[in-house]
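Asker: Here you go, one structure.
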Amino acid sequence: MAAEELLSEQLKAGLPAAYAILVGRFEGPLYRFFFCDHRNHHLAEEQTAETFAQLVRSLPSMRGGCEHLRAFVFATARHVQLRCWRQRKEQPVPLEEVLNIRDPGPSPAALAATREQLGRALNAISRFDDPLRSVLLLRFVEDFSIEEIANVLEMPMGTVKSHIHRGRMQLKLILTEQECKP
Amino acid sequence: MNDSDDPLEESSDESLRNDPLLVETFSHLRRLEPSLDARLRNRQVVVEELERLQVARRKQVLPWWGRTIAVPVPLAACLVVVAGLMLFSFFHDRQASSGVQIAAPDQPVQRSAHMQSAGAVAATRAVDAHPVVEYYETETYICGIGRLNSESGYFIREENQ
């Protein structure tokens, strides 16, 4: 915990080494957060970089300690996402294009995941509208607490809980349908 | 977290743990990672942004005599008026205590001062043989504020021949 506090302080002070740790820790989660939103590989990478640039400017004014860092990072990502929605009224990228993604990275786990399974998961999650999709991603992919999700999405905790419950039920139905289909 | 005792959430998380379909679905999404190029670009963006921030901070650091503070307009206006009144009061008191009064040249303030000298009294006696009643009025103004002080009365001069 002390190391986390130190990291938080160093980020506020603008130390490059602390930002290197921040990037290493959050570039994957941020990329997933954006990619699951629109399924556009390049746009997700752009938004991730933009979020980090925004974080450099806004982290010195972050209130609270290290326990708020993750929520702060994703709240910034959420602002970038909302701004992008306003600027680009594009249609989502078709699933076929998503499945043609090149090697997403050097991770062995990523290489092991087949395109078909990934496409099915993305297809299922993209059936949800925002903020339900963001709630599910943050909760079940990034393991956020209810309070953190409430902070990121600026909604009451009760609403987050009901979104999680409803989303889980719907997701299971969708996945079961996909399993039944040939 | 205070949400751990919520039955709704507990059932949700428990179902997720026990449901292989959901676990598998989310595990695929967890494996999504950005490309190596994107990782490098993220680091480059952060370094550039930090440098830009450093330059901006250096420009903002000023010596104490070059720094400014923000003061609300009503407060600034009040301060200016109060300072003006204090200055006026200071000079007004100085003039009063030194015996110099603000008045028109033909008004009795000067005249009364003039009459205090014995030589002047003697000279007047030689000229005026009858009582003289004169009205005088002394007013003090300040530009933009208005009349500050007013004094009026009758000056009666009666002398015996």
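The values are calculated or read from the model by the stated rules, or taken from the named source; none is laboratory data. None of these values were measured; they are calculated from a predicted model. Here the Cβ is made from the backbone with ideal geometry for all residues, glycine too, and neighbour counts use every protein chain on show.
Asker: Please find, among A:LEU82, A:LEU118, the residue that is farther than 19 Å from B:ASN42 by Cα and at pLDDT 85 or above.
Answerer: Criteria check complete, one pass: A:LEU82.
Asker: As an exercise: evaluate A:ALA2 against (1) more than 10 Å from chain B (Cβ to nearest Cβ); (2) under 23 Å from B:LEU50 (Cα atoms); (3) free of Cβ contacts under 8 Å to residues at least 12 places away in the same chain; (4) of a type in the set (Gly, Ala, Ser) and give the number of the one condition it does not meet.
Answerer: All conditions are met except number (2).
Asker: Filter the stretch A:36-52 down to the residues that are touching a residue at least 40 places away in the same chain (Cβ under 8 Å) and not acidic (Asp, Glu), then identify the one that is nearest to the other protein chains (Cβ to nearest Cβ).
Answerer: Step by step, filter the stretch A:36-52, then rank; the result is A:CYS36.
Asker: Kindly list the number of the only condition in (1) out of contact with any Cys (no Cβ under 6 Å at 6 or more places or on another chain); (2) touching a residue at least 40 places away in the same chain (Cβ under 8 Å); (3) more than 10 Å from every other protein chain (Cβ to nearest Cβ) that fails for A:ARG32.
Answerer: Checking A:ARG32 against (1) out of contact with any Cys (no Cβ under 6 Å at 6 or more places or on another chain); (2) touching a residue at least 40 places away in the same chain (Cβ under 8 Å); (3) more than 10 Å from every other protein chain (Cβ to nearest Cβ), the one that fails is (3).
Asker: For the structure I just gave you, tell me whether A:ARG166 is of a type in the set (Lys, Arg), farther than 18 Å from B:ARG31 by Cβ and part of a helix (DSSP H, G or I).
Answerer: Yes: the conditions hold for A:ARG166.
Asker: Would you please name the residue that is surrounded by the most Cβ atoms within 10 Å (Cβ to Cβ), looking only at residues in the stretch A:136-182 that are away from chain B (no Cβ under 11 Å) and more than 19 Å from B:LEU21 (Cα to Cα)?
Answerer: Here the residue is A:VAL152.
Asker: Exactly one of these conditions fails for A:GLY64: (1) among the small types (Gly, Ala, Ser); (2) free of Cβ contacts under 8 Å to residues at least 60 places away in the same chain; (3) within 13 Å of chain B (Cβ to nearest Cβ). Give me its number.
Answerer: (3)
Asker: Give the stretch B:64-85 a look and list any residue that's exposed (fewer than 10 other Cβ atoms within 10 Å of the Cβ), in a helix (DSSP H, G or I) and more than 9 Å from the chain's Cα centre (by Cα), or say none.
Answerer: B:TRP64, B:TRP65, B:GLY66
Asker: Moving on to the next point. Closer than 20 Å to A:SER145 by Cα and either in contact with a strand residue (DSSP E or B) (Cβ under 7 Å, 6 or more places away or on another chain) or modelled with pLDDT under 90 (or both), is that true of A:HIS68?
Answerer: yes
Asker: Follow-up. Please specify each residue of the stretch A:11-45 satisfying the condition of being assigned to a helix (DSSP H, G or I) and surrounded by fewer than 17 Cβ atoms within 10 Å (Cβ to Cβ).
Answerer: The answer is A:LYS12, A:ALA13, A:PRO16, A:ALA17, A:ALA20, A:ILE21, A:GLY24, A:ARG25, A:HIS42.
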